[in-house]
Structures are given as structure tokens and as C-alpha cells.
Amino acid sequence: MLKGFRSFLLRGNVVDLAVGIVIGAAFTAVVTGFVTAFLTPLIGVATGAVGDFSKQEFTVAGTSFPYGAFLNALISFLLVAAVIYFAVVLPVGRLQERFNPVKDQPVAKVDCPDCLSTVPAAAVRCAFCTTELAGRPGFPAQATASVG
């Protein structure tokens, strides 16, 4: 039982996921600190609020709504999402396009009339039962022409 658990933990996917979560949490903390320290005061200056904009709120019927804290969280989320998209998603997508060959179009397939196995439509013989397919109905003319 412990051997199976150890092999599960040491699989590459689990370790990569754990590292990604830890780095993501650390990055989120940095972005949140940046928003709190720099962007929130700039928004406060632009809107005429003095001091910490994250403490801004409005009151309706005696209930306070702290919209400044929500705006801090929203700005942090947008920054994290933008950095992840532009620093991870786009470069990985470009690398995959560059290193993965273009996938060929799927080959047309038909069923062998004798064994009902699926074979390419241009096949001269069935790969499963070796029946000659050239000249049979449903098989293209180029297969007939290639049999000499």
C-alpha cells in the first residue's frame, strides 16, 4: 500500500502540479502586494480619495459595503491572469506550434468486405485477412490501377 502511494507521489504530474501551485500562490502574493502598495494609492489619487483606497466603502440603510477591498482583489486577479496568459500560455502555444508537426488529414477508411476490419480506402489488400481489395465495389479506381 505504501509503495503504491510513494509511486503516486513521485509521478511527474503530481510533483509538477505541487510546484505550480506553490509558485502560483507566491506570485499571487507578490501581485497583491503590488496592487495594495502602488496601484490602489494611484486609483485613490485619481478619484480624489486620500489614503488607503482599499478601505473605501459606502453605506446603505446602515450597512457598509467595502468596495475598495473588492477592487483590490479584482485588480490583483486581472494582473495575475494577464501575466499568466502572456508569460505562460502564449509562449507555450508558440512552442507547441513550432515543435509539433502539422497533423496530417485523416485517411479515408472503409470496411473490408470479407473480414469487416477497417482499412484505408486506397489499400490494395486488407491488412487483417490479406484479401485483395482492388476492383471491388467501394474501393477507388487508383487501387485498381496500381494492381498490375
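Structure notes:
- Protein accessible area in the stretch 1-118, 1.4 Å probe - carbon and sulfur %: 70 percent
- Protein heavy-atom accessible surface, 1.4 Å probe, per residue over the chain: 76 Å².
- Highest-first packing order for the peptide set 123-130, 57-64, 41-48, 70-77 is 70-77, 123-130, 41-48, 57-64, based on the mean count of other beta carbon atoms within 10 Å.
- Prolate is the label for the chain. Its Cα gyration tensor axes, ordered a ≥ b ≥ c, give a/c of at least 1.5 and a/b above b/c.
- Ordering of 111-120, 19-28, 90-99 by burial proxy (mean other Cβ atoms within 10 Å per residue, highest first): 111-120, 19-28, 90-99
- Estimated from helical segments only, the mean residue ellipticity of the chain at 222 nm is -15500 deg cm²/dmol, where each DSSP H run of four or more residues counts as -39500 (n - 2.57).
The values are calculated or read from the model by the stated rules, or taken from the named source; none is laboratory data. Predicted model only: the values in this text are computed from it and were never measured. Positions of Cβ are generated from backbone atoms using ideal geometry, with glycine treated the same way; all protein chains shown enter the neighbour counts. Heads up: the accessible areas ignore ligands, DNA and RNA and are worked out on the full protein's heavy atoms, side chains in. Shrake-Rupley method; radii C 1.70, N 1.55, O 1.52, S 1.80 Å.
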